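The values are calculated or read from the model by the stated rules, or taken from the named source; none is laboratory data. Here the structure is a predicted model, which is why all the values come from computation and not from measurement. Cβ atoms come from the backbone with ideal geometry, glycine included; neighbour counts cover every protein chain shown. Remember, those area values only see protein heavy atoms, side chains included, never the ligands or the DNA or RNA. Shrake-Rupley method; radii C 1.70, N 1.55, O 1.52, S 1.80 Å.
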Amino acid sequence: MKTTIEYPATHSMSTAWYIVDDDGNVGILDYNENGPVPNGLAEHVVAELVWGLCDNNKKYKQIPIKLTIDQIYENISERHSPDDEDFWSDLIVKIKVDKTERFRQLCNHKDIYKCICVSEDEGLYIFDAMYSFDYEHDKVIEGSPLEALLKEGIIESVYRLNEFGHDDTFKQGYEKPVHTKNYDSCSFFLYHQPYWEDYLPEKMSSPKNPVNIDQLPDEIKSQILHIPGNFEKLDTFQIAELYPSSTTYCMADPLFLIDGYEYNLLPLPDGTKAYLLSEEAAVTDDRKIKYTIEEFEELCKLGRAEKKNRLND
């Protein structure tokens with residue numbers, strides 16, 4: 001457990017990313033603060049990835065995933081009436097399909113913060129009308145596009161967008177972190193890497209209708225991380241065993257070097273530990289990604305490996 005100041009590596013360690021197994025099932029690995037996180041990953045949260053990548057260079061430009069209707073409904077909360085909605089932010093709305101043109105016309109307004117199509121056939125849209133709602137007085141703003149949508153009965157029903165949040169904590173009597181989640185279901189296999197990198201990820205959710213890699217657009221397929229095995233049977237894995245990964249560290253943590261490249265001492269699924277490569281650039285030099293503890297000790301004797309003290313060296 002870290003109790004001293006932490007120094008992040010090249011980026012924030014809180015992120016999430018797509019993973020795929022040998023059978024093409026798609027999952028998402030949610031990383032907590034300390035990693036290990038494969039080098040070069042952009043920062044995302046699970047709730048964004050469930051619906052597809054968001055291109056931050058274009059406002060609200062979505063790179064969508066072709067989810068089936070069953071998968072869509074596996075990702076959203078229980079339905080409620082527009083009359084029972086009192087927030088109008090971070091929602092999915094179901095509209096009358098024959099009113100699609102009018103809906104899009106009204107949503108093409110600066111007071112509609114977000115409108116992203118999830119299923120045109122079903123009339124489902126990720127929707128945020130925060131600028132059309134007076135939160136101080138808890139009412140829809142008169143003359144706003146949201147008021148028109150409601151008066152014209154275009155919105156049939158509303159669903160709250162799931163956050164797909166995870167947390168982990170140590171509880172008395174437990175030898176490892178206890179993971180919790182704030183959702184019931186998801187169409188992706190979800191794994192959570194705990195705050196402490198001394199522990200492995202835990203599988204948090206198995207879908208009834210798993211997303212397959214063939215449903216992903218090429219922009220996502222080219223970046224997805226492959227995990228050997230099948231997610232149905234795979235409870236955990238070590239991402240740093242497959243991809244050079246960075247962790248945060250405190251100045252009291254030792255620095256492990258092999259042939260001048262930095263490695264992290266991390267756990268493996270078989271209960272052992274190994275030294276795993278943390279520098280991405282080293283891969284281009286055919287650098288070995290994993291060394292056992294015994295191999296490290298032998299390399300120390302040969303002068304090729306060393307354990308350094310960050311505070312003094």
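Listed values, structure above:
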| quantity | calculated |
| --- | --- |
| Extension gain, Asp70 back to Asp270 (0.36 nm per residue minus Cα-Cα distance, nm) | 68.4 nm |
| Over 28 Å between alpha carbons, listed pairs Lys171/Lys273; Lys181/Lys288; Lys151/Lys208; Lys176/Lys301; Lys208/Lys290; Lys99/Lys139 | Lys181/Lys288; Lys151/Lys208; Lys176/Lys301; Lys208/Lys290 |
| Fraction of accessible area attributable to carbon and sulfur, the stretch 151-271 (%, probe 1.4 Å) | 46 |
| Per residue solvent-accessible surface (Å²) - the chain, probe of 1.4 Å | 52 |
| Derived scalar couplings ³J(HN,Hα) [the stretch 288-295; Karplus, 6.51 cos²θ - 1.76 cosθ + 1.60; whole Hz; x for Gly, Pro] | 5, 7, 9, 10, 6, 4, 5, 5 |
| Extension reserve of the Asp235-Leu311 stretch, reckoned as 0.36 nm per residue once the Cα distance is removed | 23.6 nm |
| Rounded to whole Å, sorted largest first: equivalent-ellipsoid semi-axes of the stretch 92-232, Cα gyration tensor | 38, 21, 13 |
| Sorted peptide list for 90-96, 210-216, criterion being average Cβ within 10 angstrom, highest first | 90-96, 210-216 |
| Extension gain, Tyr174 back to Asp134 (0.36 nm per residue minus Cα-Cα distance, nm) | 9.8 nm |
| Asp90 paired with Asp167, simple spin-label distance in nm, labels 7 Å along Cα-to-beta-carbon | 1.4 |
| Value of Rg to Rh for the stretch 130-201 (Rh from inverse mean 1/r over Cα pairs, i.e. Kirkwood) | 1.25 |
| Debye-sum result for the stretch 168-313 in log10 I(q)/I(0), which assumes one identical scatterer on each alpha carbon, at q = 0.11, 0.17, 0.19 Å⁻¹ | -0.55, -1.11, -1.25 |
| Directionally averaged projected area (convex hull, Cα atoms, the stretch 169-226), nm² | 5.6 |
| Tail beyond 35 Å, pair distance distribution of the chain (Cα, percent) | 33 |
| Globularity index of the stretch 64-156, i.e. its alpha-carbon radius of gyration over 2.2 N^0.38 Å | 1.05 |
